[in-house]
Amino acid sequence: MNEHVSLVVNGVPREVDVEPRRLLVQLIREDLDLTGTHVGCDTSQCGACTVHVDGKAVKSCTMLAVQADGARVTTIEGMASTEGLHPLQAAFWEHHGLQCGFCTPGMIMAAADLLERATEPSDEEIRHAIEGNFCRCTGYQNIVAAIRAAAAAMRTGTAIPSGAVQGGAA
């Protein structure tokens, strides 16, 4: 028997009937066709599936879709605006905070959660905020630099240096 779920995803009200055991990541990727949220491990270890639920970073492979009933969910697709990339997306691009890009959506969502709480985080705070998100390519130094640059840009309202690419999601 299916359960009816009403939620707002990236600012758009959505209503879906789902099996009670369906995971939020499955609803996002398979039912709503928002494939920027990745499934990397199926065990909540990698963080590739991180989204925001009611403003907090959540690994969507650990949450049932029915638990999101009535919630506001933001995925990586909801980060960019009509004006261009979110400062975190632009900073990851400009500061080489990604290589293969598989972990990038989850990293950006975890970093966005941090920057909502701390406008000038230390490198230690940044590293702590992303410790549940694994990257197998970069070594993390450029990810930390990108988050630091995005924090500065968000504080000052300036663009990311080096003419960040506009449009699309990282």
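Derivation of every value follows stated rules applied to the coordinates shown; laboratory data play no part. Keep in mind that this is a model prediction, so the values were computed, not measured.
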- When the chain is fully extended, how far beyond the present Cα-Cα distance does residue 158 get from residue 131, taking 0.36 nm per residue of separation? 7.0 nm
- Note on the structure: Relative contact order in percent for the chain (Cα pairs under 8 Å, 6+ apart) equals 25 percent
- Message: If I take every Cα pair under 8 Å that is 6 or more residues apart in segment 3-78, average their sequence separation and divide by the length, what percent do I get for the relative contact order?
- Response: 41 percent
